[in-house]
1. Checking the structure you have, find out if any residue of segment 57-76 is over 18 Å from Lys161 (Cβ atoms), outside any loop (DSSP other than H, G, I, E, B) and among the basic types (Lys, Arg).
2. At least 1 residues that are open to solvent by less than 60 Å² (accessible area, probe 1.4 Å) and touching a residue at least 24 places away in the same chain (Cβ under 8 Å) in each: list the strands (runs of 3 or more DSSP E) lying fully within segment 112-213 that qualify.
3. Filter segment 111-121 down to residues that are touching a strand residue (DSSP E or B) at 6+ places or on another chain (Cβ under 7 Å) and of a type outside the set (A, V, I, L, M) and give me whichever is farthest from Met93 (Cα to Cα).
4. So Ala101 clears everything in (1) without any contact (Cβ under 8 Å) to a residue 12 or more places away in the chain; (2) within 21 Å of Tyr48 (Cα to Cα) except one condition, right? Which one?
5. Could you list, in sequence order, all residues of segment 100-110 that are surrounded by fewer than 24 Cβ atoms within 10 Å (Cβ to Cβ) and touching a strand residue (DSSP E or B) at 6+ places or on another chain (Cβ under 8 Å)?
6. If I filter segment 178-191 for residues that are farther than 29 Å from Ala70 by Cα and at pLDDT 95 or above, do I get at least one hit?
7. For the subset of segment 56-65 comprising residues that are under 20 Å from the mean Cα position of the chain (by Cα) and surrounded by fewer than 16 Cβ atoms within 10 Å (Cβ to Cβ), which member is farthest from Leu175 (Cα to Cα)?
8. Which of the residues that make up segment 21-39 are at negative phi and within 21 Å of the chain's Cα centre (by Cα)?
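The values are calculated or read from the model by the stated rules, or taken from the named source; none is laboratory data. For clarity, every value in this text was computed on a predicted model and none was experimentally measured. Every residue, glycine among them, receives a Cβ derived from its backbone with ideal geometry; neighbour counts consider all protein chains shown. Surface areas here come from the heavy atoms of the whole protein model, side chains and all, with no ligands, DNA or RNA. Shrake-Rupley method; radii C 1.70, N 1.55, O 1.52, S 1.80 Å.
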Amino acid sequence: LWHKCPECKTTTTVKELHDNLHVCAKCNYHNRIDAIEYFEILFDNNKYDLLFENIMPKDRLGFVDMKPYASRIVDAQESTGLRDAMTVGAGSMNGVPFVVACMNFAFIGGSMGSVVGEKISRAIDHCIANKMPLLVISKSGGARMMESAFSLMQMAKTSAKLTQLAKAKLPYVSLMTDPTTGGVTASYAMLGDINIAEPNALICFAGPRVTKK
């Protein structure tokens, strides 16, 4: 019912925050939101088609840290209602057909794994086939360590696919939100024809805790 701004501590109703596009009316703080909220803001009349929802993450390495990666995937899916950290939608913005690929920080910190890279690659293929521009909204802690080299491979994969988009002479807009770090920053987040960012977003390769050490 109520929302307290993390920046200026002003209290407002959730409805008022929603009506102001999740931005604090007093200090302009951009609250962290995920794909469905961005799609509601961006797509005309909130009409869009979700793409590639059949792609699911797998624990190919049997990775275990505090808990098995397979269990972590299931827990994240149950708590967020998402299948992975990337959601792709196709619709129109101001009457212009667009594909939007948006990361979900709520799913394991928006980490980039094989599914994220595959969805971006397929989104690019869809753009080329249908002559549509691409918008990627990044919000990520970086590569997903539980997928090891499979995750790092997505940096090269997405960069190569964006070269194909450029050769097709289709626009690519990269929107960086808080936070955009690690392998995401080192690949597709910085490769836009136009790179833009939300105010005061943390954008870096190594985060503050790493650099202080």
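1. Within segment 57-76, one or more residues are over 18 Å from Lys161 (Cβ atoms), outside any loop (DSSP other than H, G, I, E, B) and among the basic types (Lys, Arg).
2. Of the strands (runs of 3 or more DSSP E) lying wholly inside segment 112-213, those with at least 1 residues that are open to solvent by less than 60 Å² (accessible area, probe 1.4 Å) and touching a residue at least 24 places away in the same chain (Cβ under 8 Å) span 134-140, 172-180.
3. It comes out as Ser111.
4. Condition (1) is where Ala101 drops out.
5. Scanning segment 100-110 gives Phe105, Gly109.
6. Within segment 178-191 (the criterion being farther than 29 Å from Ala70 by Cα and at pLDDT 95 or above), the answer is yes, since at least one residue qualifies.
7. Lys58
8. Within segment 21-39, Val23, Tyr29, His30, Asn31, Arg32, Ile33, Asp34, Ala35, Ile36, Glu37, Tyr38, Phe39 qualify.
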